[in-house]
1. Restricting the search to the stretch 55-94, which residues are free of Cβ contacts under 8 Å to residues at least 60 places away in the same chain, crowded, with 24+ Cβ neighbours inside 10 Å and within 22 Å of Leu20 (Cα to Cα)?
2. Regarding Gly155, is this residue assigned to a strand (DSSP E or B), within 14 Å of Gly302 (Cβ to Cβ) and among the small types (Gly, Ala, Ser)?
3. Take the conditions part of a helix (DSSP H, G or I), out of contact with any Phe, Trp or Tyr (no Cβ under 7 Å at 6 or more places or on another chain) and under 12 Å from Ile6 (Cα atoms) and apply them to Val64. Does it pass?
4. Would you check if Thr134 is out of contact with any Lys or Arg (no Cβ under 6 Å at 6 or more places or on another chain), polar (S, T, N, Q) and assigned by TED's automatic domain parsing to the domain that holds Ala265?
5. Looking at Asp334 and the list (1) assigned by TED's automatic domain parsing to the domain that holds Gly99; (2) at pLDDT 90 or above, which single condition is not satisfied?
6. Within the stretch 95-107, restricting attention to residues that are crowded, with 23+ Cβ neighbours inside 10 Å and not aliphatic (A, V, I, L, M), which residue is nearest to the chain's Cα centre (by Cα)?
7. Among the aliphatic types (A, V, I, L, M) and farther than 12 Å from Ala108 by Cβ: is that true of Ala121 in this structure?
8. Which count do you get for residues in the stretch 134-154 that are of a type in the set (S, T, N, Q) and closer than 14 Å to Leu251 by Cβ?
Amino acid sequence: MPAATIGVDVGGTKILGVALDGGAEVVGEWRVATPPGGPAVLAAVSTVVERLRAGVGEVAGLGVGVPGLVDRHGTLRFAPNLPGVVELPVGPALAETTGLPVQVDNDATCALWAEHRAGAAGDTEHALLVTLGTGIGGGILADGRLLRGASGFAGEIGHLVVEAQGRMCGCGRRGCWERYASGSALSIAGREAARAGRAPRLVALAGGDADTVAGAHVVAAAAEGDAEATALVEAFAAWVAVGLASLVHVLDVDRCVIGGGLVEAGEVLFAPVRRAFRHRLVAPDHRPDVQVVAARLGERAGAIGAALLAREPAPAPAPGFRSQAGALPGNPGDGAASEG
């Protein structure tokens, strides 16, 4: 049986790590809050790895999922939802501190791999994973393989422009999909309605403070049948469908797997998303059904996928690809894996 591997998922608010035994069963879990700044994030990941290693013995490798643009050398080039984190050599730095072979990938790509191996995308070769959280992350499965693109940046679907002169995004551009269809966007819509006096039920669920209304309150009120909350969910679902349909037109997947905290909304969200999605598709009556389903592995998906990817060969750089981080000491010349 293969040795254990460790996977760590770096999120905007927490860093979650798991250890998998050789049979891919979770045998350890540890989490810490995500600290500000690149060096602090690396130190926190190292702490998580140290805790997990203490409980499993021999470890064959480490996989790390991070949000943003991850190049094929394991450098996080840009992370809109991790303020101040740019050009962070995640792979080389962690290889040095842990002494393990390290493979780094986008967090949603890791989550998709987990869902493909053990979750909602297990019986398809063509799938799209969309994570609705602080922003929107994405992973793409084509012909049973992860699609990473020329530089490793494929899957940044949250920055698909859906409104040319729209809302300002954390990436510095306007009109990105995640400004309209992320968990953060639903929370903002709920607070705007509450402050305008249109959503008393949301204010009540938030303890009487309109400024603390969150997406979970909108979903809960919609589940109760509250008219304003239902309208907010319908509008939100329409924006989700805009991006999903555009991506399906380009990628021709047969399944869209929705992950992130909003999955807990269940059919309160999925029913209007499916209706709006079908309305947006070109020739829906003349193409095979494209399923829109909930992810199954929950918050562990990214970490599990990272641990599974630690057992896979590292993706090689595309011909002619050169990382700006290539001159950093210890940065490997090929692949996203680093040897300690």
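1. Within the stretch 55-94, Val66, Val90 qualify.
2. Details: assigned to a strand (DSSP E or B): no; within 14 Å of Gly302 (Cβ to Cβ): yes; among the small types (Gly, Ala, Ser): yes.
The answer is no for Gly155.
3. no
4. Working: out of contact with any Lys or Arg (no Cβ under 6 Å at 6 or more places or on another chain): yes; polar (S, T, N, Q): yes; assigned by TED's automatic domain parsing to the domain that holds Ala265: yes.
It is true that Thr134 is out of contact with any Lys or Arg (no Cβ under 6 Å at 6 or more places or on another chain), polar (S, T, N, Q) and assigned by TED's automatic domain parsing to the domain that holds Ala265.
5. (2)
6. Going through the qualifying residues, I end up with Asp107.
7. On the way: among the aliphatic types (A, V, I, L, M): yes; farther than 12 Å from Ala108 by Cβ: yes.
Answer is yes for this residue.
8. Quick first cut of the stretch 134-154, residues of a type in the set (S, T, N, Q) only: 134, 151.
Those still in the list that are closer than 14 Å to Leu251 by Cβ too: none.
Looking only at that region, the number is 0.
The values are calculated or read from the model by the stated rules, or taken from the named source; none is laboratory data. A quick note: this is a predicted structure, and the numbers were derived from the prediction, not measured. Please note: Cβ atoms are built from the backbone with ideal geometry, for glycine as well, and neighbour counts cover all protein chains shown.
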